[in-house]
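Comments concern the structure below.
Values in this text are rule-based calculations from the coordinates and carry no lab data. Since the model is a prediction, treat every value here as computed from it, not as a measurement. Cβ coordinates were reconstructed from backbone atoms using ideal geometry, including for glycine residues, and neighbour counts include every protein chain displayed.
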Amino acid sequence: MFTGIVESLAEVVHIETEGTNKTFTFRSPIGNEFKIDQSVSHNGVCLTVVAIDGDEYKVTAIEETLLKTNLGELSAGSKVNLERCMPANGRFDGHIVQGHVDQTATCTQVQERDGSWLFDFAYDASKGNITVEKGSICINGVSLTVFNSGENTFRVAIIPYTYNFTNFHSLKAGDSVNLEFDILGKYIKRILGSYTV
């Protein structure tokens, strides 16, 4: 389980295609702290560390993951947001994030607002996911608060620290992002849906 509080960025060093899977080699300042078989969130996608060499390490994404996320769009030099799983004795600074991406969204607009940024997103509402005003959303592994929630659109505000410390500083209109919708909202929607006739 994660919290959506990004620890570091990682840069893609190499990508190897193996059948329908892709193995990514990343370099990160915290890469040498990882352990084999550890779960690490990459742009909000929970992936298992399979090899480590200094500050470089490898993870493999299967076809299902590549189809549902933006990982298949990465290339050498791309940067992703990293978060290790939450320790049992840690603070819960974000919200409950599983590292299981529900779908992607497209950034439709970026506006700079005198020291902060507004990002607008659109997603395919036919997949049954929803946002709520002032609810939580995980975008590329970052825990954020939704506003201007619409049927298939929403907006988030980004403070300078988040903008500079995550890959939001390189995000532009037309880019694809990974979305994980709030797990509590998903359970409530599922339960209420079973009572509708």
Practice task
Can you put Ser136, Ser176, Ser78 in order of Cβ neighbours within 10 angstrom, beginning with the fewest?
Solution key: Ser176, Ser78, Ser136
Handout entry: Most fluctuating residue given options Gly99, Gly90, Gly135, as computed from a GNM of the chain linking Cα atoms under 10 Å
Key = Gly90
Problem - Ser149/Leu67 FRET efficiency (R0 25 Å; Cβ-Cβ; nearest 0.05) - result: 0.45
Handout entry: Mean separation of Cα contacts under 8 Å (6+ apart) over length of region 8-84, as relative contact order %
Key = 39 percent
Problem - Cα-based helix-to-principal-axis angle, 183-193 vs the chain, degrees rounded to 10 - result: 40 degrees
Practice task
Kindly write out, for region 75-88 in residue order, the coupling ³J(HN,Hα) from the Karplus curve 6.51 cos²θ - 1.76 cosθ + 1.60 (θ = phi - 60°), rounded to whole Hz, with x marking Gly and Pro.
Solution key: 9, 4, x, 4, 10, 10, 7, 10, 8, 7, 4, 6, x, 4
Fill in the blank from the handout: Everything considered on the Cα gyration tensor (a ≥ b ≥ c; rounded for a/c under 1.5, else prolate if a/b is larger than b/c, else oblate), region 103-193 must be described as prolate
Exercise for the section: Would you mind telling me which residue in Leu118, Leu144, Leu179 has the biggest mean-square fluctuation in a Gaussian network model of the chain, where springs connect alpha carbons within a distance under 10 angstrom? Expected result: Leu118
Practice task
Any chance you could get the radius of gyration and Dmax over the Cα atoms of the chain, in Å?
Solution key: 16.6, 57
Completion exercise
Simple SL model, points at 7 angstrom along Cα→Cβ for Lys189 and Ile30; separation in nm is 2.9 nm
Practice task
Please tell me the relative contact order of the chain in percent, rounded to the nearest whole number, where contacts are Cα pairs under 8 Å and at least six residues apart.
Solution key: 24 percent
Practice task
Could you bin all the Cα-Cα distances of region 8-84 into 10 Å bins starting at 0 and give me the percent of pairs in each, rounded to whole numbers?
Solution key: 21, 62, 17, 0
Fill in the blank from the handout: Comparing Ala61, Ala88, Ala105 in a Gaussian network model of the chain (Cα, 10 Å), the one with the largest mean-square fluctuation is Ala88
Fill in the blank from the handout: Quick note, region 147-197: a/c under 1.5 would make it rounded; otherwise a/b > b/c is prolate and the rest oblate (a ≥ b ≥ c, C-alpha gyration tensor); here it is prolate
Handout entry: Integer Hz, Karplus 6.51/-1.76/1.60 couplings in order for region 134-145, x for Gly and Pro
Key = 6, x, 8, 9, 10, 10, 6, x, 9, 6, 9, 9
